[in-house]
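*Asks:* Can you keep this structure in mind? I'll have questions shortly.
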Amino acid sequence: MKRFKHLEAASVEEAVAALKEYGSGQVMAGGSDLMGCLKDNLWMESPEAVINLKTIPGLDEIRREDGGLHLGALATLTRISESATVRGGWPCLAEAARKTGSPLLRNMGTIAGNICQQNRCWYFRYPDKLGGRIDCVRKGGKRCLAVPGDHRYHSIFGAVKKCIAVNPSDTAPALVALDALVETDRRSIPIDAFFSAERGAVSTVLEHDEIVTSIFVPNQAAGTCGAFRKVAVRKSIDFALVNCAAVVTMENGVVKAARICLNGVHNNPYRCTASEEYLTGKALTQEAATEAGRLAVAAAKPLMLNSYKVPMAGTTVADTLMDCAKQA
Ligand SMILES: Cc1cc2nc3c(=O)[nH]c(=O)nc-3n(C[C@H](O)[C@H](O)[C@H](O)COP(=O)(O)OP(=O)(O)OC[C@H]3O[C@@H](n4cnc5c(N)ncnc54)[C@H](O)[C@@H]3O)c2cc1C
Ligand code: SF4
């Protein structure tokens, strides 16, 4: 790992000022993703400073407030998964947090770090001290190694700027399904506009000196139910091959509105809008859920080694919807 300055921010303003001062600086929350990135030297310009956010008081609050749920950026995944407030009002988010990584990672990992984490493509993450740096498109190089190489865990919905790495976050699809708002030191960003693999080595629309301060999750309308499912090789600790969150509002026995999001299948979390439209006005039966699952992956363009993900994603959407139906 290259040497860097370790700064302890006492306020959001101080952290933003430090990011402005150190153009290559990175903020750290739990550090469970950032430390791996530093160790493997992922950036073109190695960070001169790491700015610790955990020293900022009050940034880890979880509370119900007018109109919804306030999650401080530093709220850990363990606290979110165990919070009676979150479990009672927004159970799919609590479940997504509970299914992330291992207990140790959930104790360290924060909600903001979870949605800002880097992708896990093994060419991108390859440590440069082992046989030399692999400069793929996302690291400033000219080609993607995964397309002609081993892409068993990569996108089934094509590339963004020649890159087929997937967004690995477990909480991102739940926040998308719940239509959350990401609050930063300078603006509110609707979750649908937050993720942006188009920007290369970063996975969100955040400016370099911009910090997530909290996430707001609106109250759910009466008759709303939600569920989260994750499929991974090892249940105890692993990134999702595919995960899915669904939030469905029922009225008079039919679906009034639905938001469904897959992750682990594309560079950005993938809203299943065709499935949402199809379900509206229908009873949430097994037949309707299966058709919604089929529609969710109708536009898939899998590669040679990842076509198994297409039926897996379709079935996960259908199963998540049936979990919602059981609560309705
Ligand atoms: C072995 C292992 C298994 C894992 N399994 C999973 C898994 O199953 N599911 C999953 O989703 N993730 C998993 N992760 C990834 C990661 O640990 C989690 O996503 C965790 O929630 C990251 O949070 P953190 O607070 O530790 O982030 P950090 O490592 O501190 O930060 C991650 C990134 O977010 C940025 N960042 C952090 N906070 C802010 C902020 N407030 N504003 C702006 N930028 C910010 C940092 O600069 C950094 O780029 C795993 C990681 C490891 C090492
Ligand atoms: S998928 Fe993206 S991150 Fe992976 S090798 Fe290709 S360009 Fe790099």
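*Asks:* Go through the stretch 285-317 and give me each residue that's crowded, with 17+ Cβ neighbours inside 10 Å, in contact with a helix residue (DSSP H, G or I) (Cβ under 9 Å, 6 or more places away or on another chain), closer than 21 Å to VAL147 by Cα and hydrophobic (A, V, I, L, M, F, W, C).
*Replies:* VAL297, ALA300, ALA313, listed by residue number.
*Asks:* Quick one: which helices (runs of 4 or more DSSP H) sit completely within the stretch 29-129 and have at least 2 residues that are within 16 Å of ligand 2 (Cβ to nearest atom), modelled with pLDDT under 95 and over 28 Å from ALA246 (Cβ atoms)?
*Replies:* Ranges flagged: 34-39.
Residues are listed down the side, and each one gets a yes or a no for (1) in contact with a Ser or Thr (Cβ under 7 Å, 6 or more places away or on another chain); (2) assigned to a loop (DSSP other than H, G, I, E, B); (3) not basic (Lys, Arg):
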{"residue": "ALA201", "(1), (2), (3)": "no, yes, yes"}
{"residue": "HIS208", "(1), (2), (3)": "no, yes, yes"}
{"residue": "PHE216", "(1), (2), (3)": "no, no, yes"}
{"residue": "ASP238", "(1), (2), (3)": "no, yes, yes"}
{"residue": "THR249", "(1), (2), (3)": "yes, no, yes"}
{"residue": "VAL255", "(1), (2), (3)": "yes, no, yes"}
{"residue": "GLU291", "(1), (2), (3)": "no, no, yes"}
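*Asks:* Kindly establish whether TYR153 is more than 30 Å from ALA246 (Cβ to Cβ), within 16 Å of ligand 1 (Cβ to nearest atom) and in contact (Cβ under 8 Å) with a residue 12 or more places away in the chain.
*Replies:* When the stated conditions are applied, TYR153 does not pass them.
*Asks:* Can you report the number of residues in the stretch 48-72 which are closer than 20 Å to GLN117 by Cβ, buried (at least 21 other Cβ atoms within 10 Å of the Cβ) and in contact with a Ser or Thr (Cβ under 8 Å, 6 or more places away or on another chain)?
*Replies:* Residues meeting the conditions: 4.
*Asks:* Further question: All but one of (1) buried (at least 22 other Cβ atoms within 10 Å of the Cβ); (2) modelled with pLDDT of 95 or more hold for GLU207, so report the exception by its number.
*Replies:* Failing condition for GLU207: (1).
*Asks:* While we're on this one: Report, by residue number, each residue of the stretch 40-66 that is under 23 Å from the mean Cα position of the chain (by Cα) and within 20 Å of ILE215 (Cα to Cα).
*Replies:* Once the filter is applied, which keeps residues that are under 23 Å from the mean Cα position of the chain (by Cα) and within 20 Å of ILE215 (Cα to Cα), the stretch 40-66 yields ASN52, LEU53, LYS54, LEU59, ASP60, GLU61, ILE62, ARG63, ARG64.
*Asks:* Give the stretch 128-174 a look and list any residue that's closer than 28 Å to LYS230 by Cα, more than 21 Å from the chain's Cα centre (by Cα) and surrounded by fewer than 22 Cβ atoms within 10 Å (Cβ to Cβ), or say none.
*Replies:* LEU145, VAL147, PRO148, GLY149, ASP150
*Asks:* Then there is this: If a residue has to be farther than 23 Å from ARG98 by Cα and not aliphatic (A, V, I, L, M) to count, how many in the stretch 229-260 make the cut?
*Replies:* Residues that pass the stated criteria total 5.
The values are calculated or read from the model by the stated rules, or taken from the named source; none is laboratory data. Predicted, not measured: the structure shown is a model, and the values here were computed from it. Methodologically, a virtual Cβ is constructed for each residue, glycine included, from the backbone with ideal geometry; neighbour enumeration extends over all protein chains shown.
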